1. Any chance the stretch 175-198 includes a residue that's out of contact with any helix residue (DSSP H, G or I) (no Cβ under 6 Å at 6 or more places or on another chain), without any contact (Cβ under 8 Å) to a residue 24 or more places away in the chain and surrounded by 16 or more Cβ atoms within 10 Å (Cβ to Cβ)?
2. Select, from 146, 58, 48, the only residue that is touching a strand residue (DSSP E or B) at 6+ places or on another chain (Cβ under 7 Å), outside any helix (DSSP H, G or I) and farther than 20 Å from residue 181 by Cα.
3. In the list 121, 151, which residue meets the criterion of being within 14 Å of the ligand (Cβ to nearest atom) and open to solvent by 10 Å² or more (accessible area, probe 1.4 Å)?
4. Scan the stretch 133-148 for residues that are open to solvent by 10 Å² or more (accessible area, probe 1.4 Å) and closer than 26 Å to residue 198 by Cα and jot them down.
5. Considering the stretch 95-126 alone, what residues qualify as being among the basic types (Lys, Arg) and in contact with a His (Cβ under 6 Å, 6 or more places away or on another chain)?
6. For the subset of the stretch 61-80 comprising residues that are within 16 Å of the ligand (Cβ to nearest atom) and assigned to a strand (DSSP E or B), which member is surrounded by the fewest Cβ atoms within 10 Å (Cβ to Cβ)?
7. For residue 17, are the conditions met, namely being charged (D, E, K, R), within 23 Å of residue 253 (Cα to Cα), within 15 Å of the ligand (Cβ to nearest atom) and surrounded by fewer than 19 Cβ atoms within 10 Å (Cβ to Cβ)?
8. Just the residues that are under 29 Å from residue 155 (Cα atoms), out of contact with any helix residue (DSSP H, G or I) (no Cβ under 6 Å at 6 or more places or on another chain), away from the ligand (no atom under 15 Å from the Cβ) and open to solvent by 10 Å² or more (accessible area, probe 1.4 Å), please, taken from the stretch 81-104.
Amino acid sequence: MTAAALSIDLESYWHAELLRHHIDRSQADDRLLHIVPSLLDMLAAAGVHATFFVVGEVIDRHPQLIRHIADLGHEIGCHTYSHRPLWELDATSFAAELAQFAAAVARHLPGVQPLGFRAPTFSLNPATAWALPVLAQFGYHYDSSVFPLKTPLYGVPGCPPLPYRPAPNLVDSDPTAPLWEWPMTAWRLGPVTIPVCGGFYLRALPMPIILHGLRAAQKQGPIIVYVHPWELDEDIPRLPLPWQDRLITYTNVGRPLRRRLQTLLDTFAFGRMIDVLPAQSQ
Ligand SMILES: [Zn+2]
């Protein structure tokens with residue numbers, strides 16, 4: 001069993017929560033054709049297959065790129081169709097998102113059956129857990145949308161550290177739950193939980209802390225790391241955001257994160273999430 005999974009949330013920079021209201025998409029290049037090929041080269045050089053949670057709009061915009069990713073043997077998962085967080089949806093509009101995503105897959109990725117889902121902005125919490133039965137109805141086997149601590153935007157403090165079948169409160173296990181949840185990896189030090197798995201934390205915390213935290217978490221069970229292609233982009237357009245949002249969005253994007261990802265690829269034997277999860281989820 002692989003003890004580490006690498007997940008790529010494949011979205012445009014304008015899907016990011018702090019940017020999505022600041023962009024005129026009709027004018028903008030989403031830059032994915034500049035960034036994703038070099039990410040695929042890094043993974044190929046490391047011999048790593050990853051899980052790509054893809055936004056449906058991106059499948060429709062770049063069908064050949066996503067087909068190429070699937071053909072390389074990476075897992076294709078769902079990151080909704082439009083990247084609206086679950087707290088802006090209800091069960092009906094979420095089902096419509098999943099149907100739109102399924103239609104994009106059927107159009108452009110024949111033979112691909114996504115089994116995993118990640119909510120935009122880790123927006124699964126007890127108030128949005130209505131999404132889990134909807135995912136099961138659409139044939140998904142696992143979800144990976146729970147962040148293990150409260151941040152200003154999201155989080156479910158107290159969730160289990162390893163894959164489990166979640167009760168609606170997302171903290172307790174329920175063996176009858178319709179799918180598996182794999183929460184994001186954190187380094188748990190007594191009462192302190194340090195997110196070491198991706199995003200701003202992976203870019204901003206000192207790398208020895210990231211490595212130590214991931215190794216400590218891996219002693220308990222499999223770990224997940226995640227990155228967004230836009231975080232690897234030196235030339236990401238710099239928008240005039242409020243200073244806190246600018247800090248969270250742009251700290252160490254581009255080459256610094258690329259170097260960190262290379263260190264992680266050199267350190268851990270990453271695989272696809274579906275290959276790491278318990279066999280019942282496959
Ligand atoms: Zn996302």
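The values are calculated or read from the model by the stated rules, or taken from the named source; none is laboratory data. What you see is a predicted model, and the numbers here were worked out from it, not measured in a lab. Cβ sites come from the backbone with ideal geometry, for glycine too, and all protein chains shown count toward neighbours. Areas reflect the complete protein model, heavy atoms only, side chains present, ligands, DNA and RNA absent. Shrake-Rupley method; radii C 1.70, N 1.55, O 1.52, S 1.80 Å.
1. no
2. Unique residue meeting the criteria: 48.
3. Of the residues listed, the single one that is within 14 Å of the ligand (Cβ to nearest atom) and open to solvent by 10 Å² or more (accessible area, probe 1.4 Å) is 121.
4. Answer for the stretch 133-148, where residues must be open to solvent by 10 Å² or more (accessible area, probe 1.4 Å) and closer than 26 Å to residue 198 by Cα: 140, 141.
5. The one that is among the basic types (Lys, Arg) and in contact with a His (Cβ under 6 Å, 6 or more places away or on another chain): 118.
6. Among those that are within 16 Å of the ligand (Cβ to nearest atom) and assigned to a strand (DSSP E or B), it is 76.
7. Spelling it out, residue 17 is indeed charged (D, E, K, R), within 23 Å of residue 253 (Cα to Cα), within 15 Å of the ligand (Cβ to nearest atom) and surrounded by fewer than 19 Cβ atoms within 10 Å (Cβ to Cβ).
8. 90, 92, 93, 96, 99, 102
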